[in-house]
Amino acid sequence: MHVFWLQQSVADIPATDDWLTESEATRLNSFRFAKRRADWRLGRWTAKRAVAACLELPNDASSLRKIEIIPASTGQPEVTLCDRAETVTISISHRQGIAICAVARGTVQLGCDLEIVELRSDAFIADYFTMKEQELIARTTGDKRTLLVALLWSAKESALKALHVGLRVDTRSVEVAELGLSDDWSKETDEDSPSRSLPAGMSDISRSTWRPLQVQCADGTALCGWWQRSGNNLRTIVASPPPAPPVELQPQFESG
């Protein structure tokens, strides 16, 4: 299965809202807080552009108005297309003025997440990670530990979105079982610790590199996907059926 993805920032959005449908504009105006408005607007812009590019539709404002993103009863975004019978599945994530949208043709299980690599407390790890995940984290130190925690958390978020449950359920109901790393642990350690660390390649991953991951669900099923690091950002995408490495969309907006 092919999954496509697009990343956008606040700076990419036009000043006007003529690319929103009437109902979308109404919902945007219903938000009381500026940050909520900005995040929602960024997510919708990114999703509409991703859908248009995936389906090879025009990317001008009038064409984007024919793509409506509405929340399903379970909360995940759904796509309604005017004048077209095609079905697509999307997942949206945003952090600190950046958003990504994963899109696939047809009806599939799909979840994506954008995460910032930042310190997380021991209490956070104890509350939200399984024992096996905690054991893996305990074997890492320093910056690599920070990266690993962010990666595990992002993979969980993607999986819970694909399952249409989000953070309404215990995050320990899904367990990250594979990260595409070799079993040959690096013997190099941080200067202040003799502990074993993750392979050196984990801390220096190019933007174009996607590595496989797998998340085990409580019912015994597994969701397969991919993860990628770009600077201080992590992207994870999981899906069922298992997806090929995600393909980045690069549409050009047609103003006027």
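The values are calculated or read from the model by the stated rules, or taken from the named source; none is laboratory data. In this text, all values refer to a predicted model and were calculated from it rather than measured experimentally. Reconstructed Cβ throughout: ideal geometry from the backbone, glycine too, with neighbour counts over all protein chains shown. Protein only, heavy atoms only, side chains kept; ligands, DNA and RNA dropped before computing areas. Shrake-Rupley method; radii C 1.70, N 1.55, O 1.52, S 1.80 Å.
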Matching residues in region 62-72 - criterion: being touching a Phe, Trp or Tyr at 6+ places or on another chain (Cβ under 9 Å) and either farther than 17 Å from residue 18 by Cβ or open to solvent by 20 Å² or more (accessible area, probe 1.4 Å) (or both): 62, 63, 65
Filter result for residue 141 (more than 30 Å from residue 78 (Cα to Cα), modelled with pLDDT of 95 or more and of a type in the set (Val, Ile, Thr)): no
Qualifying residues in region 40-62 (those that are in contact with a strand residue (DSSP E or B) (Cβ under 9 Å, 6 or more places away or on another chain) and of a type in the set (S, T, N, Q)) - the one farthest from residue 13 (Cα to Cα): 59
Any hit, region 146-165, residues being open to solvent by 50 Å² or more (accessible area, probe 1.4 Å), among the basic types (Lys, Arg) and either modelled with pLDDT under 85 or over 28 Å from residue 76 (Cα atoms) (or both): no
Single condition residue 113 does not satisfy, out of (1) charged (D, E, K, R); (2) farther than 18 Å from residue 230 by Cβ; (3) not in a helix (DSSP H, G or I): (2)
Test: residue in region 50-61 that is closer than 27 Å to residue 163 by Cβ, under 14 Å from the mean Cα position of the chain (by Cα), touching a residue at least 40 places away in the same chain (Cβ under 8 Å) and open to solvent by less than 60 Å² (accessible area, probe 1.4 Å): yes
Check on residue 98, of a type outside the set (Phe, Trp, Tyr), crowded, with 16+ Cβ neighbours inside 10 Å, within 20 Å of the chain's Cα centre (by Cα) and over 17 Å from residue 162 (Cβ atoms): yes
Any hit, region 228-245, residues being open to solvent by 50 Å² or more (accessible area, probe 1.4 Å), at pLDDT below 95 and assigned to a strand (DSSP E or B): no
Region 72-89, residues that are touching a helix residue (DSSP H, G or I) at 6+ places or on another chain (Cβ under 9 Å) and assigned to a strand (DSSP E or B): 77, 79, 81, 88
Matching residues in region 1-37 - criterion: being among the charged types (D, E, K, R), in a loop (DSSP other than H, G, I, E, B) and either out of contact with any helix residue (DSSP H, G or I) (no Cβ under 9 Å at 6 or more places or on another chain) or under 22 Å from residue 234 (Cα atoms) (or both): 32
